[in-house]
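Novice: Questions regarding the structure given below will be posed in turn.
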């Protein structure tokens, strides 16, 4: 009986470990970068690919960055010759899918920068998901994205 | 049998020619130079705005240079820096002698936030031989209207921060100050460079 109990405990621990690992590995962020701006400018945007490798939908609710007064999730839309931007309250990433935060689309706005940012510098952002998961992301300051020198960024 | 083959190859040849001709109507030509921009944007472009040095700006002072003019604001997260970066890449495709003949004019549609210092730093950062222009809202609106452009302030859901929806087209003026070409947002640096070369 004691052995059975021990086996059960072991099983529970393994399960818990598995769940913890699954949660931690649920989100993978690739190619995170922040658009370089002149030292006096106070607003910029962060771009990245957020991959949801977990079995459940992940909902990005907000983001934080300690060098910005305010951080918002935005989307852009080119309507005719006009570029329209709007704040969104959440970004849903279905299980086993990814969301591209790229120029001309979704991005994370860093508003009211508290200091100048330099090209090549790494800045840490936190992505906060609806289930409480917080993912820390290191984003490099670059003048443009990895698509350079192509026309479409 | 031989005759049949001859007819067949002639037909194929004609078909190919037709395809090429029809196709040329649908592919985006490197030159979007039509009489349309000339008629649309040239009648009333006498405007006064201020350079970041405080000097008053007149488009006619840039006669003899190719002018790439567009509207934006320095807090713009995407469209403006993308456009400026793209202009920089287009200029990189030209010789240094050609670059000297090209001037970028960035007109701020955000007089509330874009002070001359901010505007100067912003346009200088991208190295596109640019002049930043600002003025009162009324002065800016007059220019926006002359170019049949648009902008609209969009208040944010949170905080005091606002964004601005605006026209992203770049207006190419030839050395006589006439609008000859409209660069659309999706145009590539190569297309831009090709059009600039045409008017040098």
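Novice: For the range B:156-172, indicate whether the set of residues that are in a helix (DSSP H, G or I) and away from chain A (no Cβ under 14 Å) is non-empty.
Specialist: no
Novice: Working only within the range B:40-67, note down all residues that are at pLDDT 90 or above, over 14 Å from residue B:135 (Cβ atoms) and out of contact with any helix residue (DSSP H, G or I) (no Cβ under 6 Å at 6 or more places or on another chain).
Specialist: Result: B:62, B:63, B:64, B:65, B:67.
Novice: On to the next question. How many of the residues in the range B:125-155 are within 21 Å of the chain's Cα centre (by Cα) and not in a helix (DSSP H, G or I)?
Specialist: Qualifying residue count, the range B:125-155: 16.
Novice: A further question follows. Looking only at the range B:46-76, filter to residues that are within 21 Å of residue B:162 (Cβ to Cβ) and within 18 Å of the chain's Cα centre (by Cα); which one of those is nearest to the other protein chains (Cβ to nearest Cβ)?
Specialist: B:74
Novice: For the range A:83-111, which residues satisfy the criterion of being at the interface with chain B (Cβ under 7 Å from one of its Cβ atoms) and crowded, with 20+ Cβ neighbours inside 10 Å?
Specialist: A:83, A:85, A:103, A:107, A:109, A:111
Novice: Out of all the residues in the range B:88-115, which are surrounded by fewer than 17 Cβ atoms within 10 Å (Cβ to Cβ), under 22 Å from residue B:54 (Cβ atoms) and within 11 Å of chain A (Cβ to nearest Cβ)?
Specialist: Of everything in the range B:88-115, those that are surrounded by fewer than 17 Cβ atoms within 10 Å (Cβ to Cβ), under 22 Å from residue B:54 (Cβ atoms) and within 11 Å of chain A (Cβ to nearest Cβ) turn out to be B:113, B:115.
Residues are listed down the side, and each one gets a yes or a no for (1) modelled with pLDDT under 95; (2) touching a helix residue (DSSP H, G or I) at 6+ places or on another chain (Cβ under 7 Å):
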site	(1), (2)
B:133	no, no
B:139	yes, no
B:153	yes, no
B:158	yes, no
B:164	yes, no
B:178	yes, yes
B:186	yes, no
B:189	yes, yes
B:192	yes, yes
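Novice: Suppose we filter A:40, A:62 for residues that are in a loop (DSSP other than H, G, I, E, B) and within 12 Å of chain B (Cβ to nearest Cβ); which single one remains?
Specialist: A:40
Novice: So residue B:177 passes all but one of these: (1) part of a strand (DSSP E or B); (2) at positive phi. Which condition number does it fail?
Specialist: Failing condition for residue B:177: (1).
Novice: If you scan the range B:116-128, which residues turn out to be surrounded by 17 or more Cβ atoms within 10 Å (Cβ to Cβ) and out of contact with any helix residue (DSSP H, G or I) (no Cβ under 7 Å at 6 or more places or on another chain)?
Specialist: B:118, B:119, B:120, B:121, B:122, B:123, B:125, listed by residue number.
Novice: Another question about this same structure. Can you tell me which residue among A:120, A:54 is surrounded by fewer than 13 Cβ atoms within 10 Å (Cβ to Cβ), away from every other protein chain (no Cβ under 14 Å) and farther than 25 Å from residue B:153 by Cβ?
Specialist: A:120
Novice: Is there a residue being touching a residue at least 12 places away in the same chain (Cβ under 8 Å) and over 28 Å from residue B:83 (Cα atoms) anywhere in the range A:65-75?
Specialist: yes
Novice: Right, something else. Could you please find all residues in the range A:43-55 being under 17 Å from the mean Cα position of the chain (by Cα) and part of a loop (DSSP other than H, G, I, E, B)?
Specialist: Matches in the range A:43-55: A:53, A:54.
The values are calculated or read from the model by the stated rules, or taken from the named source; none is laboratory data. Values in this document were obtained by computation on a predicted structure and should not be read as measured data. Reconstructed Cβ throughout: ideal geometry from the backbone, glycine too, with neighbour counts over all protein chains shown.
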